[in-house]
Amino acid sequence: MGELRPLGDDLNEASRALAQALRELFESLHLSVRRYAARRRLDPGTVSRYLNGTRLPPWQVISDLFTDVAEHRGTAVTIEAIELVRSLYGSAVDAASSPKHAVEILEQQLADADHVSRRSSVRGDVLGDALLDRTQRIADLETRLNQLEADRIAEQKRADELAQAHPDVSGLIWERNALQLEVERLGAALQEAQAQRAAAEGRCDLLERQLEAVEQDTEAVLPTGPQGMPKILIVDDQPDNLLAMTAVLATLEQELVTVSSGREALKALLDHDDFAVIIMDVQMPEMDGYETCAHIKRRSRTRDVPIIFLTAMGTGSEHSARGYAAGAVDYISKPFDPWALRAKVAVFTSIYLERHSQ
């Protein structure tokens with residue numbers, strides 16, 4: 001697995017172009033496939049398939065490749081080069097878009113979340129054992145100190161002899177205090193591990209539900225949408241997120257318009273006037289979701305289109321308050337519940353149809 005395999009025979013044009021660009025970046029490292037896979041803790045066969053175009057890599061793998069090339073050259077990769085590869089990646093994702101690919105993406109996310117859960121569980125067990133050991137040692141030291149103090153009170157006449165027999169009293173006190181500090185540190189670390197495990201378990205549950213929703217539709221052809229049904233606008237700068245949301249919402253039998261930036265969203269709203277709802281990411285380059293939402297609400301033509309923020313920033317009060325202040329009707333945290341998202345979209349579609357039937 002040292003040399004690059006030839007490009008795949010049945011590649012579409014977009015996948016071939018992306019594979020050639022990645023091969024040029026990789027070859028500048030002057031490393032074998034196996035050595036690079038070991039560096040990044042990846043399977044050599046998987047890396048080889050990424051580079052011959054037969055498998056589409058996650059964007060994080062490409063981002064890591066940029067980092068390694070910059071470190072090898074001693075200079076940063078240019079913005080133009082990154083944007084070029086990002087464009088090729090987007091085209092390859094579009095060409096390979098299918099519910100099956102969405103399942104692969106969600107399965108990888110599920111595996112990552114499960115790994116975090118298992119690692120947190122193991123770390124919690126280790127910290128728990130260490131905490132129990134330190135607590136028991138403190139109890140033992142407290143008992144020994146209490147015995148010494150009782151001996152001093154009960155036998156004042158033998159105080160000097162006891163002091164000679166137990167010259168390390170101050171050392172025991174210091175050791176106990178040090179162990180108490182360590183117990184506090186281990187207790188805080190244990191709570192952190194338990195919280196991380198709980199969050200990972202929650203993410204696993206939601207990802208499993210997303211997979212179940214997507215897998216129910218893997219054999220169906222995505223419909224173009226019946227005549228007269230309003231469209232749904234999806235705004236997210238990450239191709240994988242667009243693909244996952246497209247797979248989840250495909251069963252609503254409405255036309256899904258997907259764009260990757262706030263400016264593209266504003267243009268889509270100028271080209272079409274029959275959107276029932278907009279689902280928008282918050283963190284996007286150049287123009288974030290809050291700014292895009294403000295532009296939409298300033299236009300008389302689009303100010304009444306409901307906007308749902310779907311973001312990985314969390315549902316803290318400071319984030320949700322800013323979203324509602326910008327004009328959004330809802331604020332949902334990733335990973336999202338596919339049934340809940342479809343239900344919300346269906347409600348706004350019904351409102352749109354009722355409003356335009358009058």
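Key figures
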read-out	value
Selected residue (criterion: surrounded by the fewest Cβ atoms within 10 Å (Cβ to Cβ)) from residues of the stretch 259-297 that are hydrophobic (A, V, I, L, M, F, W, C) and in a helix (DSSP H, G or I)	LEU270
Filter pass, GLU80 being at pLDDT 85 or above and out of contact with any helix residue (DSSP H, G or I) (no Cβ under 6 Å at 6 or more places or on another chain)	yes
Matching option when the condition is surrounded by fewer than 17 Cβ atoms within 10 Å (Cβ to Cβ), at pLDDT below 75 and assigned to a helix (DSSP H, G or I), among GLU107, GLU142	GLU107
Positions within the stretch 325-356 being under 17 Å from VAL277 (Cβ atoms), modelled with pLDDT under 85 and either open to solvent by 20 Å² or more (accessible area, probe 1.4 Å) or among the β-branched types (Val, Ile, Thr) (or both), in sequence order	HIS356
Check on GLU318, modelled with pLDDT of 90 or more and not in a loop (DSSP other than H, G, I, E, B)	no
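The values are calculated or read from the model by the stated rules, or taken from the named source; none is laboratory data. Note that the structure is a prediction, hence the values are computed from the model and not measured. All Cβ positions, glycine included, derive from the backbone under ideal geometry; neighbour counts span all protein chains shown. Heads up: the accessible areas ignore ligands, DNA and RNA and are worked out on the full protein's heavy atoms, side chains in. Shrake-Rupley method; radii C 1.70, N 1.55, O 1.52, S 1.80 Å.
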